[in-house]
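The values are calculated or read from the model by the stated rules, or taken from the named source; none is laboratory data. Just so you know, these numbers come straight off a predicted model, no measurement behind them. All Cβ positions, even for glycine, are placed from backbone atoms using ideal geometry, and neighbour counts span all protein chains on display. The accessibility values were calculated without ligands, DNA or RNA, using every heavy atom of the protein model including side chains. Shrake-Rupley method; radii C 1.70, N 1.55, O 1.52, S 1.80 Å.
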Amino acid sequence: HQSIPHLHFQNQYIPHWSNVDLDPQPLQHYSTTSTTATMSESVASEVVSAMVGGMFSASALYPLEVLKTRMQAETKATKQATNDGSAETNESHQSNATIVENGGRSQHDEDVLTDTMQTPTQKEKQKQKQKQTLKEAYQHAASEGMTSYAKLMFENEGGITPFYSGVVTSAIQSATEKALYFFAYTFLKNGYVDITGINNIGTASNLVLGCMAEWAHLPVTLPIDCVTTAIQTDDKNRGAFVLMANILSEKGIGGFYKGIQAYTVLCLKPAIQYTVYEQVKKIVITARRVQAKTHGQRDVDDTLSAAEAFFLGMVARIVATMLTYPYLRAKVMLQSTYGNAKVKPTIPQMIMEQFSHGGVWGLYQGIG
């Protein structure tokens, strides 16, 4: 008997009969459909993983995020309120002195009268003075560091509660951002490969694709980010829906996009982080290969362990954050400190203003 030759189609052995008209198209279609389904499942699983990871990390680190945002919003550059409060206080003291002089009463009598017979205006001025004193204490604590600011928040705002104000909104924002960024980057990357035919994407191309992916999710995530910042910096402890209604009534839809101009630079952050990660990873793998060659080993593991990947990711994020942090602080200030200002400074003006008031530390206030 002659041996029967076989054809190998997509891991399936099919007998080759000379009198059989074999059409491979259905098998190819099945294979393509199967591959597409597998890729879709892979993308979906990675998106879900990114969302869950984003929500978990945002919730676990939220107290630090609150501290960072609050400290970023504190600035000595907006000193007008302090000066106004001081003027009012001086006026009040002069008025009291006039009463003492004209009435011939002692200072003790005047203090008693002040406590028992204050007018609504005087009470309001006293409350304003106390508020201004507390504001200056927060500004001073922000310049000292995160520990001092956290202690002041804990003592004056009811313990641990303010450290978790807005945590749900932040988790939703983080999950949405991670999912949309991944979808956008995957779509743009696949499109780039299809158009150019280049599978190995270079550093410059990665930066461009990362920036485009970052801008793609802003129409959805920036309003959530704006509301989260409003919750974190609100001194009246209003809820998310109240603050959303307040923003909408005062500024309209545009109020939800305060600080978007900072993303001319902030859009580079994910791309910088990814690029730094990949470059450091190449250095680690290269060093591993050199070491293996020195010891006469042929097989080299090109994968990173979980600890190595975590450490490299941390280094990459630190580098990206350091490079973009002044713009990140400017974004928060546009959403909070300068949120309702009639004339808002440009981002470069804000950066120069913070540098003139606090030097380099003024640019990186809250980064700890």
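Close contacts from region 302-326, counting a first residue that is without any contact (Cβ under 8 Å) to a residue 12 or more places away in the chain and a second that is assigned to a helix (DSSP H, G or I) and among the hydroxyl-bearing types (S, T, Y), with Cβ to Cβ under 9 Å and a gap of 6+ residues or different chains, come to A309/Y277. Quick one: T133 ticks every box in (1) over 17 Å from the mean Cα position of the chain (by Cα); (2) surrounded by 15 or more Cβ atoms within 10 Å (Cβ to Cβ) bar one, so which box is it? The one condition T133 does not meet is (2). Among the residues of region 326-368, those that are of a type in the set (V, I, T) and within 23 Å of S148 (Cα to Cα) comprise V332, T337, V360, I367. Of all the criteria given as (1) hydroxyl-bearing (S, T, Y); (2) open to solvent by 30 Å² or more (accessible area, probe 1.4 Å); (3) in a helix (DSSP H, G or I); (4) touching a helix residue (DSSP H, G or I) at 6+ places or on another chain (Cβ under 9 Å), the one not satisfied by Y325 is (2).
Among the residues of region 158-185, those identified as small (G, A, S) and either assigned to a loop (DSSP other than H, G, I, E, B) or within 17 Å of Y62 (Cβ to Cβ) (or both) are G158, G159, S165, G166, S170, A171, S174, A175. Does G259 satisfy the condition of being open to solvent by less than 50 Å² (accessible area, probe 1.4 Å) and either touching a strand residue (DSSP E or B) at 6+ places or on another chain (Cβ under 6 Å) or on the phi > 0 side of the Ramachandran plot (or both)? Spelling it out, G259 is indeed open to solvent by less than 50 Å² (accessible area, probe 1.4 Å) and either touching a strand residue (DSSP E or B) at 6+ places or on another chain (Cβ under 6 Å) or on the phi > 0 side of the Ramachandran plot (or both). In the set (1) open to solvent by 30 Å² or more (accessible area, probe 1.4 Å); (2) touching a helix residue (DSSP H, G or I) at 6+ places or on another chain (Cβ under 9 Å); (3) of a type in the set (V, I, T), T161 fails one condition alone, (2).
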